[in-house]
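Visitor: This is the structure I have questions about; it appears just below.
The values are calculated or read from the model by the stated rules, or taken from the named source; none is laboratory data. Source: prediction; values computed, not measured. Neighbour counts are summed over all protein chains in view; Cβ atoms, including those assigned to glycine, are modelled from backbone coordinates with ideal geometry. These area figures cover heavy atoms from the full protein model, side chains too; ligands, DNA and RNA do not enter into them. Shrake-Rupley method; radii C 1.70, N 1.55, O 1.52, S 1.80 Å.
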Amino acid sequence: MIKSGIDQQALASMFSQATEKQGDALRKAVGDATLKALQSREMTLRNIRSVLQSVTQATSAGAASSALPAVDVQGLLGKAIEGMDAALLRAVEAQKTALAQFVQQGVGAQEKQMAPLLANLEKMEDVFFDTVTKAAQGAGAPLQGPWGEALSALKLKGSDTGASASATVEQLMAQARSTMREGRAASLRSAESLMKGYATLVSGILIGMTEGMHGATMGSPGTKGAAPAPDADAPAARKSRK
């Protein structure tokens, strides 16, 4: 049965026939299957949940048919969890690369496009544990104990997914702050260049103001704009013509 890109039947068969010495092979198989399924869809929390649920269900189906003692089954389930963790770690790294490109282009960590993506990245470990826990609860009583022990062991140690996601968010936040500071520094450098020309600019303005004042003086009464003096001979000339 193919569900969420996972060949559940093949995965279940591997677990049902596995021995306690095949844990590493199962971990790799689960990791590869999970990663392949994640690669075939958009990287959303909903799709991640769907893939993890399918892998957990297939693992439970196979483990339920195993003839191994409960303690060995628990060990195999732990390897399955490690495989899913390894796949999610790669998913975190892919998101880190994509988000770093946005940050390099100047997108701030608090901007509405970026903030939800970083928030989802921080939720990766919680989504991982919650999804596997809920899916394992449907496996039936015989497997709930082994699943619980395997999950508790990884929670106590901490998943690689969670550690990488937290570190990635911190790095991207720091990178975003650095980019913003560099942007402000560039603005300051532009301002400094303008300030270097400040004295010349003021000189030019002062020259313009001085020329304007000189023109106004030249047009004052008694100079260029003064009315002409009356002609003293004008009245006598008008009388003589009479």
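Visitor: In the structure displayed, which of 28/79; 21/155; 36/134; 79/134; 123/157; 36/112 lie more than 20 Å apart, Cα to Cα?
Guide: Going by Cα-Cα distance, 21/155; 36/134; 36/112 fall outside the 20 Å limit.
Visitor: When the chain is fully extended, how far beyond the present Cα-Cα distance does residue 115 get from residue 21, taking 0.36 nm per residue of separation?
Guide: 29.4 nm
Visitor: Roughly how much of residue 43 is accessible, in Å² to the nearest 10, using a 1.4 Å probe?
Guide: 80 Å²
Visitor: Provide the net charge surrounding residue 169, with neighbours chosen by a C-beta distance below 12 Å and charges set as Lys +1, Arg +1, Asp -1, Glu -1.
Guide: -1
Visitor: Can I ask one more? Which distance in nm do the two modelled labels at residue 36 and residue 65 give, with both placed 7 Å along the Cα-to-Cβ direction?
Guide: Label-label distance for residue 36 and residue 65, simple model: 1.8 nm.
Visitor: Report the local net charge at residue 103: Lys and Arg +1, Asp and Glu -1, summed over other residues whose C-beta lies under 14 Å from its C-beta.
Guide: Summing Lys/Arg as +1 and Asp/Glu as -1 gives 0.
Visitor: I've got another one for you. Just read off the accessible area of residue 170 with the full protein assembly in place, 1.4 Å probe, to the nearest 10 Å².
Guide: Roughly 130 Å² of residue 170 is accessible to a 1.4 Å probe.
Visitor: Using 20 Å as the cut-off for backbone N distance, which residues of segment 15-43 belong to the label zone defined by a point 7 Å from the Cα of residue 98 along Cα→Cβ?
Guide: Only 32-43 fall inside the zone, counting backbone N under 20 Å.
Visitor: Which whole-number percent is the relative contact order of segment 15-134 (Cα, under 8 Å, 6+ apart)?
Guide: The normalised contact order for segment 15-134 reaches 38 percent.
Visitor: Provide the packing ranking of 137-147, 68-78, i.e. peptides ordered by the mean count of other C-beta atoms within 10 Å per residue, highest first.
Guide: Listed from highest to lowest mean packing, they are 68-78, 137-147.
Visitor: Residue farthest toward the positive end of the dipole of segment 1-115, with Cβ of Lys/Arg at +1 and Asp/Glu at -1: which of 81, 108, 13?
Guide: The residue sitting farthest along the positive end of the dipole is 108.
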